[in-house]
1. Out of everything in the stretch 1-57 that is under 17 Å from LEU121 (Cβ atoms) and of a type in the set (Phe, Trp, Tyr), what residue ends up being farthest from the chain's Cα centre (by Cα)?
2. Looking at (1) open to solvent by 30 Å² or more (accessible area, probe 1.4 Å); (2) under 13 Å from the mean Cα position of the chain (by Cα), which is the one condition that is false for ILE108?
3. Any idea which of GLU56, GLU123 is under 19 Å from GLN22 (Cα atoms), open to solvent by 50 Å² or more (accessible area, probe 1.4 Å), of a type outside the set (Lys, Arg) and in contact with a strand residue (DSSP E or B) (Cβ under 9 Å, 6 or more places away or on another chain)?
4. Name every residue in the stretch 17-32 that is within 26 Å of GLN141 (Cβ to Cβ), touching a Gly at 6+ places or on another chain (Cβ under 7 Å) and of a type in the set (D, E, K, R), in order of residue number.
5. From the list LEU88, LEU31, LEU97, pick out the single residue that is modelled with pLDDT under 95 and aliphatic (A, V, I, L, M).
6. If we scan the stretch 69-83, do we find a residue that is touching a residue at least 40 places away in the same chain (Cβ under 8 Å) and over 19 Å from HIS42 (Cα atoms)?
7. Going residue by residue through the stretch 91-101, is there one that turns out to be closer than 20 Å to THR137 by Cα and in contact (Cβ under 8 Å) with a residue 60 or more places away in the chain?
8. Kindly evaluate THR69 against the criterion of being at negative phi, open to solvent by 50 Å² or more (accessible area, probe 1.4 Å) and touching a Pro at 6+ places or on another chain (Cβ under 9 Å).
Amino acid sequence: MTGGKVEVAMAIIYQNDRFLMQLRDDLPTILFPGHWGFFGGHLDPGEDPETGVLRELQEEIDYTPTTITLFERSEDERVVRHFYHTELTVSVADLTLNEGQDLGLCTIEDVQRGYKYAPKLGEDRPLGAPHQKVLLTFIDQL
């Protein structure tokens, strides 16, 4: 925690102009339940953001990127968010989903409209607002 704020580290994972997203569980106790978001999560006490995001990727999808780079840090009244970016160098089929309802690659069009189809649920689900905002900024810099 920084000044009483929760700190999280998340990864923008891309492959051929598409972005790997996690469909979060439909639990009312989590932020953005049932929304598409980035893989990542809360930092452990004393953990630096890069170490935290790498740990979270290993825990959530059994993936260790070859490189990872800080893209943006943002802060609001409750949360400090560290956004990293990295390329997905394996097939999505090679990942193991250990957290969330689903995973999939979002197109730029999905990001722009703020929704991605969830095949397991048979419906469109929204992107989390901070995730969409950061992705739109990231896309503008491609």
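1. Ranking the candidates gives PHE32 first.
2. With (1) open to solvent by 30 Å² or more (accessible area, probe 1.4 Å); (2) under 13 Å from the mean Cα position of the chain (by Cα) applied to ILE108, the lone miss is (2).
3. Numbers: GLU56 fails: open to solvent by 50 Å² or more (accessible area, probe 1.4 Å).
Testing whether each residue is under 19 Å from GLN22 (Cα atoms), open to solvent by 50 Å² or more (accessible area, probe 1.4 Å), of a type outside the set (Lys, Arg) and in contact with a strand residue (DSSP E or B) (Cβ under 9 Å, 6 or more places away or on another chain) leaves just GLU123.
4. ARG24 - this is the single residue of the stretch 17-32 that is within 26 Å of GLN141 (Cβ to Cβ), touching a Gly at 6+ places or on another chain (Cβ under 7 Å) and of a type in the set (D, E, K, R).
5. Working: LEU88 fails: modelled with pLDDT under 95; LEU97 fails: modelled with pLDDT under 95.
Every option except LEU31 fails the conditions.
6. no
7. Of the stretch 91-101, the ones closer than 20 Å to THR137 by Cα are none.
So far as the stretch 91-101 goes, no, none of its residues is closer than 20 Å to THR137 by Cα and in contact (Cβ under 8 Å) with a residue 60 or more places away in the chain.
8. Numbers: at negative phi: yes; open to solvent by 50 Å² or more (accessible area, probe 1.4 Å): yes; touching a Pro at 6+ places or on another chain (Cβ under 9 Å): no.
Against the criterion (at negative phi, open to solvent by 50 Å² or more (accessible area, probe 1.4 Å) and touching a Pro at 6+ places or on another chain (Cβ under 9 Å)), THR69 does not qualify.
The values are calculated or read from the model by the stated rules, or taken from the named source; none is laboratory data. Being a predicted model, the structure only gives us computed values, none of them experimental. Glycine also receives a Cβ, built like all others from the backbone with ideal geometry; neighbour counts cover every protein chain displayed. Side chains are part of the model used for accessible areas, which takes the heavy atoms of the whole protein and leaves out ligands, DNA and RNA. Shrake-Rupley method; radii C 1.70, N 1.55, O 1.52, S 1.80 Å.
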